[in-house]
Amino acid sequence: MSVTDLPKIELHLHLEGAAPPDFIRQLAGEKKVDLSGIFDADGGYAFDNFVHFLQVYEAATSVLQTPEDFARLTRAILEQSAANGVIYTEAFISPDFCGGGDVAAWREYLHAIQEAATRAETDLGVVMRGIVTPVRHFGPDKAKRSALCAAETAGDWIVGLGMGGDEGQGHQGDFAYAFDMAREAGLHLTTHAGEFGGPESVWEAIRDLKVERIGHGVRAIEDPALVQELAARQITLECCPGSNVVLGLYPDFEAHPLRALRDAGVPVTVSTDDPPFFHTTMRREYDMIAQAYGWEDDDFRALNQTALKAAFCDEATRTRISKTLETP
Ligand code: HPA
Ligand code: ZN
């Protein structure tokens, strides 16, 4: 058996960002929206840099217009997850794209997504949980509306709040109100930091937003005191090496700090982020990591145990996933 066949836990997957280009083209056709500018000659998503990536991402997302569209999307994504041996996945979902931040509309989108997820759990064996996602470059006011949506639907399915978007805009602390609201509603917290922002952005995330996990966080490697802090406090990083390589943070997997962070005692996990955008899958991530670092079964099993421990689900779900993980 190859390491790519192991059961996997994925903690960092953007729902809209996981939409296959064919799926988006199909919806664009149905809705008569011209999206030809966002695809390359091979039919994949085309972008030149991070900010351009976010623009293409939002253009693709614009054809997802109804709860039913999101239900279809959820099904398509979970089929991919299951084909990659993923048994548990946490998906970032933005109320901004699901009803424009209105709580009543958000409930309808969420209901449709959850229904598709429940069906996939039964017939594909993959468990999904949702993390409500404010989009940083939409600003703190919209983030508050997203946090309200999160607080109103917090429970055993919506388990966290996690900010994405352009880390170059403002400071983590600008969003403290939204994160405080989510924390008070009992939600777990994560934010993208240390991807396009440097170590200071990670310091701000743990100091000003008091997050338990960090999306990416890899640029912590540039500050030894921060690496020590993350290790001492066991703050888990949701690393997405393939995403970082395509977006130009590191030239290849060998140069990625995943191994160095792990060796320094920082809890690291591996996810795909926006798989079709980055021409990756969970199997490919494992394969590339195995090739770059010579990691074997036990290394990947440990990675999944770290992810299980850091998962935002309730304890009953964690116990259930743990049993699936241990099944040979
Ligand atoms: N980084 C930040 N925001 C995002 C990403 C990402 O990789 N994907 C979707 N939103
Ligand atoms: Zn991300």
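Computed quantities for the displayed model
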quantity: Heavy-atom accessible surface of segment 176-247: percent carbon and sulfur, 1.4 Å; calculated: 51
quantity: Virtual spin-label span in nm between Arg301 and Lys210, 7 Å along Cα→Cβ; calculated: 3.8
quantity: FRET efficiency, Asp5 to Asp141 (Cβ-Cβ, R0 56 Å, nearest 0.05); calculated: 0.75
quantity: Apportionment of accessible area to carbon and sulfur, segment 21-63, percent (1.4 Å); calculated: 50
quantity: Segment 21-63, accessible area per residue, ligands and nucleic acids excluded (1.4 Å, Å²); calculated: 52
quantity: Largest-first principal axis extents, alpha carbons of the chain, Å; calculated: 50, 44, 42
quantity: Histogram of C-alpha separations across segment 81-162, 10 Å bin width, %; calculated: 19, 48, 26, 7
quantity: With 10 Å bins from 0: P(r) over segment 185-265, alpha-carbon pairs, percent; calculated: 20, 55, 23, 3, 0
quantity: Kirkwood hydrodynamic radius (C-alpha pairs) into Stokes-Einstein, segment 220-275, 25 °C and 0.890 mPa s, D in µm²/s; calculated: 212
quantity: Computed FRET value (nearest 0.05) for Ala255 with Glu115, which takes r as the C-beta separation and R₀ as 41 Å; calculated: 0.45
quantity: Relative packing of peptides 188-194, 141-147, 297-303 - highest average C-beta neighbours within 10 Å first; calculated: 188-194, 141-147, 297-303
quantity: 222 nm mean residue ellipticity, helices alone, for the chain (DSSP H n ≥ 4; -39,500 (n - 2.57); rounded to 500); calculated: -14000 deg cm²/dmol
quantity: Within segment 112-145, backbone nitrogen closer than 17 Å to the virtual label 7 Å beyond the Cα of Gln26 toward Cβ; calculated: 113, 116-117, 120
quantity: Over 12 Å [Cα-Cα, segment 21-63], rounded percent; calculated: 55
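The values are calculated or read from the model by the stated rules, or taken from the named source; none is laboratory data. Predicted, not measured: the structure shown is a model, and the values here were computed from it. FYI the Cβ positions are ideal-geometry reconstructions off the backbone, even for glycines, and counts take in every protein chain you see. Heads up: the accessible areas ignore ligands, DNA and RNA and are worked out on the full protein's heavy atoms, side chains in. Shrake-Rupley method; radii C 1.70, N 1.55, O 1.52, S 1.80 Å.
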